[in-house]
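Derivation of every value follows stated rules applied to the coordinates shown; laboratory data play no part. Predicted model, so just to flag it, every value in this text is computed and none were measured. For neighbour counting, all protein chains shown are included, and Cβ atoms are generated from backbone atoms with ideal geometry for every residue, glycine included.
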Amino acid sequence: MIDRIRWLGHGSFVIDGPPLIYINPWRVTRGSRSADIILISHDHYDHCSLADIDKLRGAETRIIGNERVAREIGDCLVLRPWQSVTLDRTCIKAVPAYSPQDFRHPLTDGGLGFVISVNYYDIYYAGDTQAIPEMACIRPDIAILPIDGNGTLTVLEAAQVAKQMRPKWVIPCNWGQGVGATWLEAQMFASAVESDSEVLILQAIQN
């Protein structure tokens, strides 16, 4: 499963199907086929890009987000924290994502992370969040964590979260490309976690 996860830069990912799942598509190219599922964590422009969503959506694409996202995107299925939906053999559970100590991602905005259960693996996409108590009950096989500290987890906080969750694999995001954390900080994260989980430092690619 881990080899089906591709990083598209910043907080944007694609999970090769079936089903074909995009998470927060941002500056993507038009794919050869439409997405089956598009997950949008919150309504900030670099996560909820209408232009990029239009490149990927087809007649059967299911878009999932929170209430603020649904105001921007037609036919969006709204999930609140801890609600879930099953689409064919894939279960999507929304989980809280917020920053108690930063104004950019308040709890009241209803930001989401996602636990994606597919092919007998649980993939946790944290979204834009700091360390929050709700993470204590999440035990994924694969964790995707921000490390930029821009209203989100810092390198050290992300390492602590990874040690708490103890996934088999961890993928850091929100680094490189001149924004967010640096390549060196990604390596620092890997060093801090390597005794507990396998850290994958992916290279951002275009789909």
Checklist entry - Counting pairs of alpha carbon atoms under 8 Å apart in space and at least six apart in sequence, what relative contact order in percent does the chain give? => result 16 percent
Checklist outcome for this item: Averaged over all viewing directions, the convex hull of the alpha carbons in the range 56-163 casts a projected area in nm² of 7.4 nm²
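Within the set of other residues whose C-beta is less than 13 Å from the C-beta of GLN130, count the net charge using Lys and Arg as +1 and Asp and Glu as -1. Mind showing how you got there, number by number?
Values: positive: ARG104; negative: ASP102, ASP128, GLU134, ASP148, GLU157.
Residues near GLN130 contribute -4 overall.
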Item to check | For the range 143-207, projected area of the alpha-carbon convex hull averaged over all directions, nm² | outcome: 4.2 nm²
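Over all directions, what mean area does the Cα convex hull of the range 2-199 project, stated in square nanometres? Don't jump to the answer; show the numbers that get you there.
Details: hull surface 40.3 nm².
Value for the range 2-199: 10.1 nm².
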Checklist entry - Can you work out ³J(HN,Hα) from phi for every residue in the range 65-75, in order, using Karplus 6.51 cos²θ - 1.76 cosθ + 1.60 and θ = phi - 60°, giving whole Hz and x for Gly and Pro? => result x, 9, 5, 5, 5, 5, 5, 9, 10, x, 6
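Can you give the helix-only mean residue ellipticity at 222 nm for the chain, where every DSSP H stretch with n ≥ 4 adds -39500 (n - 2.57) and the sum goes over all residues, rounded to the nearest 500 deg cm²/dmol?
-4500 deg cm²/dmol
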Checklist entry - If we count every other residue with Cβ under 12 angstrom of THR108's Cβ, Lys/Arg +1 and Asp/Glu -1, where does the sum land? => result -1
